[in-house]
Amino acid sequence: MSEQKLAANEYIKIRSNFLRGTLAEELTDVSTGAISEDSQQLIKFHGSYMQDDRDLRADRRKHRLEKAYSFMIRIRVPGGVSTPAQWLATDALCEKYGNHDFKLTTRQAFQLHGVIKSNLKRTIREINQVAMDTIAACGDVNRNVMCNPNPFLSEIHAAVLKVSQDISQHLTPNTGAYHEIWLDGEKVVTSEQEEEPIYGKTYLPRKFKITVAVPPSNDVDIYANDLSFIAIVEKNKLVGFNVAVGGGMGMTHGNEETYPRLADVIGFCSVEQVLQVAEQVVKVQRDFGCRTDRKHARLKYTIQDHGVDWFLGKVNDYLGWDLAPVRAFQFDNNGDRYGWVTDPAGNSHLTLFIEGGRVIDRPGQPMRTGLKEIAKIHTGDFRLTANQNVIIANVSAAQRPLIEQLVEQYQLEDGQKRSTLRLNALACVALPTCALSLAEAERYLPVLITELEDTIESVGLRHDAITIRMTGCPNGCARPYIAEIGFVGRGPDRYNVYLGGGHAGQRLSKLYKADVAADEIKALLAPVLSRYAKERNEGEKFGDFVIRAGIIAATVQGADFHKNLS
Ligand code: SRM
Ligand code: SF4
């Protein structure tokens, strides 16, 4: 039987000499703003994507101009904790080299958009000068490790943050290519000098994502990740972690072999065992993940193909010991709690809503400037949340009035004016930078929410938290398939509408209606929201209600996601 051909990216990795390829040479080619196709794949491992401004495509085509190429740079922020100096540096870089704004992503990272090729190297170098990096922010490796930014339990937070940063460090690729290309590090002469002890020469079959969660908050959405560690806290002490594997969101319209899948919780390990577990789970996926079809290459398909028991067996074999039985835990939400809280040590923390995660100055809303002014005086840290928001954390009692004054001056906390629906909304980037987007998301969701606010106001739901998420395509970057209401782009101004995800991100939603025109969404949802307002049980969440009321069929896991479409 002939061996199946590997996916094209596998050969690119093999040829690349540990992620070098011809990137360094191509950066100096001034005849084009682009890089070659192989380099477009390789540069992802270095934390960057080549993009073009899709708003300008038609015009540039008309004038026979090359597309308006630029690069998105994703800055890793392990555990989402950034210093004020790092915030200020990101702010300065977006002004100097980017689109004058930056994005707080759904994985607690920073993103710069619009960096042209000739500025790429100096931007990455300047990022590194403030002790941040971009290596492995993208590519077939472990990505930015997420961590619950819990402002209440500072001791537990310090411990889980350390775990997430240690995992991040442990799984960072070993190759010297990053230093060589971007930081003018010393060149290695032959590939024999190089080694990737965890990944090997061809890295992973596909991207890999890890989170650390602290129940009852599931704000990092563990069920959507390849590997998660769920903190088990007993008597205010961190005793270890449940291990969850095999979550993921991405799918392709019209291809039922692709689907979102919730992670399975398979065992428990001690704090000291976390790095071993992370490494061996990665290695099982390295060795058994699909390398012939990139649409089937995530860990969720490895587990779906072989079964959870098989996977647990393999992980135990690789570890040389068995994971312990799962411990009890409970999640009750996956959102952020806004406003000020004070922890037992007397430090205050302020969670601010950042619509679409976009840190930007708009006419009459100088939000980016306001946050910059805070960063200039803040002595604590900034915690990026997985809901694209920011926590001004560890504000001392003495500093709080100063920060409050800036918040007021720059209107950073007009929470009173925002509906709870808006405060629980997430949108991916989509147009104009994302090459894969089929419809608007970040630019359109705020408009749609304004329309839906009329409805929720009239039926009395203004203060009810309903999670609502929109993506410009089915890849699921804002994790729409675990929202109570999800919109997934199908084409310009058209969306699939999903309902019934769990309020704590613990259940997949189901397709309610396919291919809905944007201007028909309000009329489609108004009767459902109205029924919810009238018929719900005490404390019943919207996602639970739509299933109980028979508005959608009970949701299902993984491969059955596409069955029983209503
Ligand atoms: Fe994503 C690809 C943006 C979180 C699933 N994602 C992309 C690209 C790079 C498009 C591309 O490949 O050309 C997008 C760049 C847009 C732009 O202009 O910036 C993009 N993804 C994002 C971000 C910025 C969305 C946001 O608005 O915050 C998030 C960056 C996270 C980070 O800091 O690392 C982002 N992406 C996610 C998530 C959510 C998560 O990880 O919790 C998912 C779903 C979870 C998962 O991985 O299953 C996600 N992105 C994808 C996929 C589908 C992967 C799959 O298994 O099918 C793609 C496409 C791909 O990989 O082929 C993708
Ligand atoms: Fe782009 Fe699709 Fe991800 Fe949105 S979900 S950022 S449109 S890849």
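Count of the range 227-258 residues, restricted to those that are under 18 Å from the mean Cα position of the chain (by Cα), farther than 16 Å from residue 108 by Cα and within 11 Å of ligand 1 (Cβ to nearest atom), is 6. Identification of helices (runs of 4 or more DSSP H) wholly contained in the range 377-480 with 2 or more residues that are touching a residue at least 40 places away in the same chain (Cβ under 8 Å) and in contact with a Phe, Trp or Tyr (Cβ under 9 Å, 6 or more places away or on another chain) yields 420-423, 445-459. Scanning the range 204-225 for residues that are hydroxyl-bearing (Ser, Thr, Tyr) and surrounded by fewer than 24 Cβ atoms within 10 Å (Cβ to Cβ) turns up just one, 217. When the range 245-257 is filtered for residues that are surrounded by fewer than 24 Cβ atoms within 10 Å (Cβ to Cβ) and outside any strand (DSSP E or B), the ones remaining, listed by number, are 250, 251, 253, 254, 256, 257. Restricting to the range 376-418, and then to whatever is in contact with a Ser or Thr (Cβ under 9 Å, 6 or more places away or on another chain) and more than 19 Å from residue 342 (Cα to Cα), can you tell me which residue is surrounded by the fewest Cβ atoms within 10 Å (Cβ to Cβ)? Top of the filtered list is 410. Selection of the range 411-444 for residues being away from ligand 2 (no atom under 14 Å from the Cβ) and touching an Asp or Glu at 6+ places or on another chain (Cβ under 7 Å) yields 419, 420, 421. Among the residues making up the range 135-158, a single one is outside any loop (DSSP other than H, G, I, E, B), crowded, with 18+ Cβ neighbours inside 10 Å and modelled with pLDDT under 95: 157. Taking every residue in the range 138-167 that is touching a residue at least 60 places away in the same chain (Cβ under 8 Å) and pairing it with any residue that is in a loop (DSSP other than H, G, I, E, B) and among the polar types (S, T, N, Q), at least 6 positions away or on another chain, the pairs with Cβ-Cβ distances below 6 Å are 146/108; 149/385.
Of everything in the range 279-299 that is within 21 Å of residue 269 (Cβ to Cβ) and touching a strand residue (DSSP E or B) at 6+ places or on another chain (Cβ under 8 Å), the residue that is nearest to ligand 1 (Cβ to nearest atom) is 299.
Residue by residue through the range 472-496, note down the ones that are more than 9 Å from ligand 1 (Cβ to nearest atom) and either surrounded by fewer than 23 Cβ atoms within 10 Å (Cβ to Cβ) or hydrophobic (A, V, I, L, M, F, W, C) (or both). Answer for the range 472-496, where residues must be more than 9 Å from ligand 1 (Cβ to nearest atom) and either surrounded by fewer than 23 Cβ atoms within 10 Å (Cβ to Cβ) or hydrophobic (A, V, I, L, M, F, W, C) (or both): 482, 483, 485, 487, 488, 490, 491, 492, 493, 494, 496.
Quick grid of which residues meet (1) in contact (Cβ under 8 Å) with a residue 60 or more places away in the chain; (2) in a loop (DSSP other than H, G, I, E, B):
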{"position": "219", "(1), (2)": "yes, yes"}
{"position": "228", "(1), (2)": "no, no"}
{"position": "231", "(1), (2)": "yes, no"}
{"position": "243", "(1), (2)": "yes, no"}
{"position": "259", "(1), (2)": "yes, yes"}
{"position": "266", "(1), (2)": "yes, no"}
{"position": "272", "(1), (2)": "no, no"}
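Here residue 495 fits the description: at pLDDT 95 or above, within 16 Å of residue 447 (Cβ to Cβ) and within 16 Å of ligand 2 (Cβ to nearest atom). For the range 517-535, the set of residues classified as surrounded by fewer than 14 Cβ atoms within 10 Å (Cβ to Cβ) and more than 26 Å from residue 472 (Cα to Cα) consists of 534, 535, listed by residue number. The residues listed here are 422, 418, 469; of these, the one that is of a type in the set (D, E, K, R), within 24 Å of residue 360 (Cβ to Cβ) and within 14 Å of ligand 1 (Cβ to nearest atom) is 469.
Per the listing 121, 162, the residue uniquely over 21 Å from residue 225 (Cβ atoms) and among the basic types (Lys, Arg) is 121. Whether any residue in the range 536-545 is crowded, with 21+ Cβ neighbours inside 10 Å, over 22 Å from the mean Cα position of the chain (by Cα) and closer than 22 Å to residue 447 by Cα is what I want to check. Yes - at least one qualifying residue is present in the range 536-545.
Only one entry in 358, 327 is of a type outside the set (Phe, Trp, Tyr), modelled with pLDDT of 95 or more, out of contact with any Cys (no Cβ under 6 Å at 6 or more places or on another chain) and surrounded by 18 or more Cβ atoms within 10 Å (Cβ to Cβ), namely 358. Among the residues of the range 483-524, which ones are farther than 20 Å from residue 430 by Cβ and free of Cβ contacts under 8 Å to residues at least 12 places away in the same chain? Answer for the range 483-524, where residues must be farther than 20 Å from residue 430 by Cβ and free of Cβ contacts under 8 Å to residues at least 12 places away in the same chain: just 523.
Every listed requirement among (1) among the hydrophobic types (A, V, I, L, M, F, W, C); (2) more than 16 Å from ligand 1 (Cβ to nearest atom); (3) in contact with a strand residue (DSSP E or B) (Cβ under 8 Å, 6 or more places away or on another chain) is met by residue 430 save one, (2).
The values are calculated or read from the model by the stated rules, or taken from the named source; none is laboratory data. Being a predicted model, the structure only gives us computed values, none of them experimental. As a convention, Cβ positions derive from the backbone with ideal geometry for all residues, glycine included, and neighbour counts pool all protein chains shown.
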